[in-house]
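Accompanying notes for the structure given below.
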Amino acid sequence: MSGGFDLRDEPWIPVRLLTGESARFGFRRLFARAHEIEDLELPVPPAASGLLRILAAMTARIAQNAGIRLDDADTAEEIEEWDALRDRVLARGRFDSVAVNAYFDKEIPEGRFDLFDDSRPFLQDPRLVRECIDTKGAPNPSGVNKLVLGRPTGVNGAVLFGHFTDTNPVPVPAAEAVWHLIAQLYYGPSGQCTPRRITEHRAGSGDAAPLRKSVSYFPWAPTLFASLVLAVPSPRIAVETEGRDACPWEGELPDPLQPLASMTWPGRMLTGRFRHAVLLVPSADRRSVVDAYITWSTHEPPREVRDPFLILDRRKDGGFHAREADGARALWRDVDALLLADSLQDALRPPALEGLPKRLLATLRVRAYGFEQDGQQKDSVWFQATTPPVLRWQEEAEPAMAHHLARCHRVGEDAGRRLEFAAKVAWKIATDVNTDVSPRAKVKIDHRKPGPWASAALTRYWPAAEKQFWRLAATDRLNSPIEQPFVDAALAALDEAIGQANRADIRVARASSRARAIIRGLLLPPR
């Protein structure tokens, strides 16, 4: 039996319509009704991040004006011409249904969008069933728990989202299996994996997926149609030009032992950097996944290409690396890197936020999807967040507001650092009888035993600082003093962390006074 779950028409992508209703669509209806969709509602943010890259690659093939597609190489040679083409596509307000059906029914070989097709299942490698074998030549799958992010594997796996064991795995509905398939390809681990025998050697380790431990930022419009068109990478990004630009479902299966194909624009740069190979094992009725093979796809060095949705931070050696996801870091703390041009060279703005249509800036927000992980196997927390419509204040359009918000962020961070230091000093003074409590005495902090006040204070400070940041994010606050609101938030957080009862103690009172003076130092003019 071949196929059985055609992603073109099966309802597997959760969305929220402009009417407020929730629905599930396949690829075809998603594109046909994108102008009626307000948002994606995937409950797995790393899957949403990967899916948006897949949808952006498809959008480049589907979106067109007067027969010229957004992936047209000749038009891309002149940035102004490509920008004008994108504007005309946006002005139409919706995808052309003929172009949608032509792509899914005529341009792509039959079966390529089927999750369980025998010869070319979507985003999978059917060769794994005969290459992932044990020493006796029997199939050696990885287990369905290995596929689903958040399920434990092995004897020491942490239970995050349910009680599952390798001895009693629970099948995954096919629609949800697609989410985790995408998430594995974009965020999967490095290190030991199911061995794959292609030569006489059974290699059993692989590299991390291209987005592992990163956070992605997308321009977010009032409709999914506009969000997808804006997600198509601009040809401003430097890419390789040799070879056909083919997404995995468009081209042939790659040879795992050969050098990687060129990272061409826009398909391969969005969907051609996978380091894992996956094959799902369906149930008898093809409505769920009961097992999976997950292994390496290549050991060749990756081809370098700038991901259009990542912030790059400068390293100490002068190079750049993708900003890492931090589940405790609120999105407002990244706003300056999203608004300022690259002239500062401390952080490089995601290319997807460059050259946006000026007429849409007032409505555009930023959607962030992050997955806090280590570089190998540990997954901590994933998150999703959306800003208010801040892209109207990009430096090119509103330099005064862009730099105002950057100053607000800088002061907020400074107040947070002072608060952390002050709380540690206060704990040392309050608990160490040998510490000099005089106002100007130096206090030596034991960083291995910082005490509980710093963590408690920061937990209270950052939500309060976020409220102050967005309160200051208004044109009528452009020339307002910005230090006092953050200092007040830090002082309140310190008091809450220490607690009213503790402050009755004379030594704690002196510690609190010293800490408050440290925080208030932010209000002093620089020397």
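The values are calculated or read from the model by the stated rules, or taken from the named source; none is laboratory data. Model, not experiment: these values are computed from the prediction. Methodologically, a virtual Cβ is constructed for each residue, glycine included, from the backbone with ideal geometry; neighbour enumeration extends over all protein chains shown.
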- Spot the failing condition for Ala84; the list is (1) more than 23 Å from the chain's Cα centre (by Cα); (2) over 29 Å from Thr264 (Cβ atoms); (3) of a type in the set (A, V, I, L, M), and only one is missed. (2)
- Query: Is there a residue in the range 45-62 that is under 23 Å from the mean Cα position of the chain (by Cα) and assigned to a loop (DSSP other than H, G, I, E, B)?
  - Reply: no
- Qualifying residue in the range 169-182 (condition: modelled with pLDDT under 95, over 20 Å from Phe5 (Cα atoms) and either within 23 Å of the chain's Cα centre (by Cα) or not in a helix (DSSP H, G or I) (or both)): yes
- Might you check whether a residue that is within 13 Å of the chain's Cα centre (by Cα) and in a helix (DSSP H, G or I) occurs anywhere in the range 316-333? yes
- Of the residues that make up the range 435-453, is at least one outside any loop (DSSP other than H, G, I, E, B) and surrounded by 17 or more Cβ atoms within 10 Å (Cβ to Cβ)? yes
- Quick check: anything in the range 102-120 under 26 Å from Ala203 (Cα atoms), basic (Lys, Arg) and under 29 Å from the mean Cα position of the chain (by Cα)? yes
- Which of (1) surrounded by fewer than 21 Cβ atoms within 10 Å (Cβ to Cβ); (2) modelled with pLDDT of 95 or more is the odd one out, the single condition Ala56 does not satisfy? (1)
- If we keep just the residues of the range 292-315 that are of a type in the set (Asp, Glu) and in a loop (DSSP other than H, G, I, E, B), which is surrounded by the most Cβ atoms within 10 Å (Cβ to Cβ)? Asp307
- Message: If the requirement is being aliphatic (A, V, I, L, M) and exposed (fewer than 15 other Cβ atoms within 10 Å of the Cβ), which of these qualifies: Ala497, Ala474?
- Response: Ala474
- Message: Which pairs turn up if I take residues in the range 497-525 that are modelled with pLDDT of 90 or more and look for partners that are acidic (Asp, Glu) with beta carbon separation below 7 Å, at least 6 apart in sequence or on another chain?
- Response: Leu522/Asp414; Leu522/Glu483; Leu523/Glu483
- Residues of the range 14-43 being β-branched (Val, Ile, Thr) and surrounded by fewer than 22 Cβ atoms within 10 Å (Cβ to Cβ), in sequence order, are Thr19
- Take the residues of the range 118-141 that are touching a strand residue (DSSP E or B) at 6+ places or on another chain (Cβ under 9 Å) and farther than 20 Å from Thr194 by Cα: which is surrounded by the most Cβ atoms within 10 Å (Cβ to Cβ)? Phe122
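Yes/no matrix, rows are residues, columns are (1) within 29 Å of Leu339 (Cβ to Cβ); (2) outside any strand (DSSP E or B):
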position: Val215; (1), (2): yes, no
position: Pro235; (1), (2): yes, yes
position: Pro254; (1), (2): no, yes
position: Asp285; (1), (2): no, yes
- Message: Just to check your reading of the model, which residue among Gly272, Gly206, Gly251, Gly191 is surrounded by fewer than 19 Cβ atoms within 10 Å (Cβ to Cβ) and under 26 Å from the mean Cα position of the chain (by Cα)?
- Response: Gly191
- Message: When the residues of the range 345-368 are narrowed to those that are in contact with a helix residue (DSSP H, G or I) (Cβ under 9 Å, 6 or more places away or on another chain) and farther than 18 Å from Trp220 by Cβ, which ends up surrounded by the most Cβ atoms within 10 Å (Cβ to Cβ)?
- Response: Leu348
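Listed here are the residues, each with its yes/no results for (1) closer than 23 Å to Leu522 by Cβ; (2) out of contact with any Cys (no Cβ under 9 Å at 6 or more places or on another chain); (3) crowded, with 20+ Cβ neighbours inside 10 Å.
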| position | (1), (2), (3) |
| --- | --- |
| Val381 | no, yes, no |
| Ala385 | no, yes, no |
| Pro388 | no, yes, no |
| Leu391 | no, yes, yes |
| Glu398 | no, yes, no |
| His403 | yes, yes, no |
| Ala415 | yes, yes, yes |
| Glu420 | yes, yes, no |
| Ala426 | yes, yes, yes |
